[in-house]
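Sending over a structure as structure tokens; questions will come in a sec.
Since every read-out is calculated from the coordinates, none of them should be taken as a lab result. Computed from a predicted structure; not experimentally measured. Here Cβ is always computed from backbone atoms with ideal geometry, including for glycine, and neighbour counts include all displayed protein chains.
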Amino acid sequence: MTTLEQSRKLVTEIPGPGSVELSKRRVAAVSHGVGVTMPVYTARAAGGIIEDVDGNRLIDLGSGIAVTTIGNASPRVVEAVQAQVADFTHTCFMVTPYEEYIAVAEHLNRLTPGSYEKRSALFNSGSEAVENAVKIARSYTRKTAVVAFDHAYHGRTNLTMALTAKSMPYKSGFGPFAPEIYRAPLSYPFRDGLIDKEWATDGELAAERALNIIDKQIGAANLAAIIIEPIQGEGGFIVPAPGFLPALRAWCSDNNVVFIADEVQTGFARTGTMFACEDEGIEPDLIVTAKGIADGLPLSAVTGRAEIMDAPHVSGLGGTYGGNPLACAAALATIETIELDGLVDRAKQIETVMKDKLGRMQADDDRIGDVRGRGAMIAVELVKSGTAEPDPELVKTLSAKAHAQGVVVLTCGTYGNVLRFLPPLAISDELLTEGLDVLAEILAEL
């Protein structure tokens, strides 16, 4: 079992000599199309710490992009995967199935919002699950059009690139994309408030704007599904104004349109509820999960109303590795850890610590235009002083200096001006506060 001292420690410059050597090997061996945020190579990780090959210990405020939610190498997960790998590594669920897949599906059907009868299907990645959710919605409704939203991120496959809003680096040069994908305006309170104060606070009004466009440009008779992240991830951790999601949900119910909640980044206790759509009582027709589902092993799922999930013909859903037994074992241990260790409540505690610290920073610095998010999914949007103009250069410099001081932070946002925080729920308050203190010092220096 990985034991790792939970403290930040720099023994070399970042990156150190071992990481520099590995970077040379990477450049020679790996496609240059694969980017890295930090040229620092991991040797071990646990709790809220990543240790690199040079012995530097870094505070992890990224969780591998919201994947190691319960902490890296979490004990129950390690034990479950070790036991499973000794039994069998793969048979393909579609050839000779196994109990672990069924057990994961049963837990997902139990945990996801909605008291109706549900079914689940397992896949490998968030993109793959999103793509299958669209397939299922089209099969059920016998309609083809799909609406995604401004600033959305849904993946890197051809269909999910079409659903994703941002061109660079996700879409540029990779077209043509899948047809029958349309886009509607999101509720983005910070930016909407610069145009109309009502839009910033009245989610129903913002939904009316979106639904008018959907009605006029696509029409409910042609629309199979609306897909939305309850809190946007890559788009900038945008939390829609209250009422926006319920209005969309109600419209879908009235118009035979499947409401798909993409909870790839928000799911599994990340936002202080098991799933982010629970915050406003949303019961999606289909919910897409991945990332935090299995503590780092590749697994994703689509869960939803039984009649919708059962619409595709037999063998219309599947995949060689979907619901791999090792990943299923990890998922079962991850869910057990979330429930037994009270990690939904822990996410709320992390929100309190982070918003208190970041709110005080905002009060002292008008370059912090907005502090937003829920649970352990918090972001700051940085702007040029005295304006609301995005400042991506400040974010770039701030994150680079944080990396050099041993704090792993991630950036996001359509304008590249959002710093996002996704700490593991296993992180201590002391490490979390230290990481934020480092950022505050750097921002003050800048």
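Calculate the dipole size of region 77-340 relative to its Cα centre from +1 charges on Lys and Arg beta carbons and -1 charges on Asp and Glu beta carbons; express the result in debye to the nearest 20.
Charge dipole, region 77-340, about its Cα centre: 880 debye, nearest 20.
Another question, if that's okay. Given a Förster radius of 30 Å and the C-beta distance between E336 and R360 as r, what FRET efficiency does 1/(1 + (r/R0)^6) yield to the nearest 0.05?
0.25
Still on this model: Would you mind working out the magnitude of the charge dipole of region 104-171 relative to its Cα centre, with +1 at each Lys and Arg C-beta and -1 at each Asp and Glu C-beta, to the nearest 20 Debye?
With only Lys, Arg, Asp and Glu charged at Cβ, the dipole is about 200 debye.
Cα convex hull of region 101-159: mean projected area in nm², to one decimal?
5.3
Ok, one more. Can you compute the FRET efficiency between K348 and A83 using 1/(1 + (r/R0)^6), with r the Cβ-Cβ distance and R0 = 41 Å? Round to the nearest 0.05.
0.80
Tally Lys/Arg at +1 and Asp/Glu at -1 over every other residue whose Cβ is under 14 Å from the Cβ of A290; what's the total?
-4
Using amide H atoms built in the peptide plane, which far-off residues or other-chain residues are under 5 Å from N56 H to H?
V11
Show me, for region 132-149, the HN-Hα J-couplings you get by feeding each phi into the Karplus relation (A = 6.51, B = -1.76, C = 1.60, θ = phi - 60°), rounded to Hz, glycine and proline as x.
For region 132-149, the Karplus curve yields 5, 4, 5, 4, 5, 4, 5, 4, 6, 8, 6, 10, 10, 6, 9, 10, 10, 10 Hz.
Would you please calculate the Kirkwood hydrodynamic radius of region 156-256 over all C-alpha pairs and express it in Å, rounded to one decimal?
Evaluated over region 156-256, this radius sits at 14.6 Å.
Name the long-range amide H neighbours of T411: under 5 Å, sequence gap of 5 or more, or other chain; modelled H, no Pro or chain starts.
R420
Now for a different question. Using modelled backbone amide H atoms (1.01 Å from N, in-plane), which distant-in-sequence or interchain residues come within less than 5 Å of G62's amide H?
L422
I'd like the distance separating the alpha-carbon centroids of region 183-217 and region 58-133, in whole Å.
35
As a footprinting exposure proxy, order C92, C252 by other Cβ within 10 Å, with the fewest listed first.
The most exposed by this proxy come first: C92, C252.
In whole Å, how far is the Cα centre of region 370-395 from that of region 420-445?
15
Let me ask something else about it. How about K135: which lysines have a C-alpha closer than 19 Å to its C-alpha, ignoring those fewer than 8 places off in the same chain?
Leaving aside lysines fewer than 8 places away in the same chain, those within reach of K135 are K118, K143.
Through the Karplus equation 6.51 cos²θ - 1.76 cosθ + 1.60, θ set to phi - 60°, convert the phi angles of region 287-300 into ³J(HN,Hα) values in whole Hz; use x for Gly and Pro.
10, 9, 10, 6, 6, x, 5, 9, 6, x, 7, x, 7, 8
Right, next: Hey, if you put +1 on the Cβ of every Lys and Arg and -1 on every Asp and Glu Cβ in region 77-340, which of A133, P169, S300 ends up farthest toward the positive end of that dipole?
P169
Report, in whole Å, the centroid distance computed from the Cα atoms of region 243-271 and region 1-42.
38
What percentages make up the Cα-Cα pair-distance distribution of region 318-446 when the bins are 5 Å wide from 0?
Percent of Cα pairs in each bin: 2, 10, 17, 20, 16, 11, 9, 7, 5, 2, 1.
Shifting gears a bit: May I ask you to sort S115, S23 by Cβ crowding, counting other Cβ atoms within 10 Å and putting the fewest first?
So the residues, fewest neighbours to most, are S115, S23.
Give me the one-decimal Kirkwood hydrodynamic radius in Å for region 243-369, with the sum taken over alpha-carbon pairs.
17.0
So in region 77-340, what percent of DSSP beta bridges are antiparallel if you round to the nearest 5?
If we restrict to bridges inside region 77-340, about 40 percent are antiparallel.
Next question, about the same structure. Run the simple label-point estimate for F177 and L446 please: 7 Å along Cα→C-beta, distance reported in nm.
Going from the F177 label point to the L446 one covers 2.9 nm.
Could you give the dipole magnitude of the chain about its Cα centre, charging the beta-carbon of Lys and Arg +1 and that of Asp and Glu -1, in debye to the nearest 20?
1120
Return the percentage of antiparallel bridges among DSSP beta bridges fully within the chain, rounded to the nearest 5 %.
65
While we're here: Starting at the first residue of region 150-158, write each ³J(HN,Hα) from the Karplus equation 6.51 cos²θ - 1.76 cosθ + 1.60 with θ = phi - 60°, in whole Hz, x for Gly and Pro.
Karplus values, whole Hz, x for Gly and Pro: 3, 6, 5, 10, 10, x, 10, 6, 4.
Determine, for D295, D365, the number of other Cβ atoms within 10 Å of each Cβ, and report the residues in order from fewest to most.
D365, D295
Follow-up. Tally Lys/Arg at +1 and Asp/Glu at -1 over every other residue whose Cβ is under 11 Å from the Cβ of R119; what's the total?
-2
Report the one residue of N212, L446, L58 whose Cα lies farthest in the direction of the positive end of the charge dipole of the chain (charges on C-beta: Lys and Arg +1, Asp and Glu -1; origin at the Cα centre).
Checking the options against the dipole of the chain, the answer is N212.
Follow-up. Compute the Kirkwood hydrodynamic radius of region 77-340, taking the inverse of the mean of 1/r over all pairs of distinct Cα atoms, and give it in Å to one decimal.
Taking every pair of different Cα atoms in region 77-340, averaging 1/r and inverting gives 18.8 Å.
Whole number please: convex hull volume per residue of the Cα set in region 374-436, in Å³?
95
Given the -39500 (n - 2.57) contribution per DSSP H run of 4+ residues, what per-residue ellipticity at 222 nm results for the chain, rounded to the nearest 500 deg cm²/dmol?
Mean residue ellipticity, 222 nm, calculated: -12000 deg cm²/dmol.
Moving to a separate point now. For all pairs of alpha-carbon atoms in the chain, what percent lies in each bin of width 10 Å, listed from the first bin to the last filled one?
The calculated distribution, bin by bin, is 4, 21, 31, 28, 13, 3, 0.
From the residues L4, V36, Q405, which one has its Cα farthest along the dipole of the chain in the positive direction, the dipole being from +1 and -1 charges on Cβ of Lys/Arg and Asp/Glu about the Cα centre?
V36
Which number comes out as Rg/Rh for region 356-397 once both Rg and the Kirkwood Rh are worked out on C-alpha atoms?
0.97
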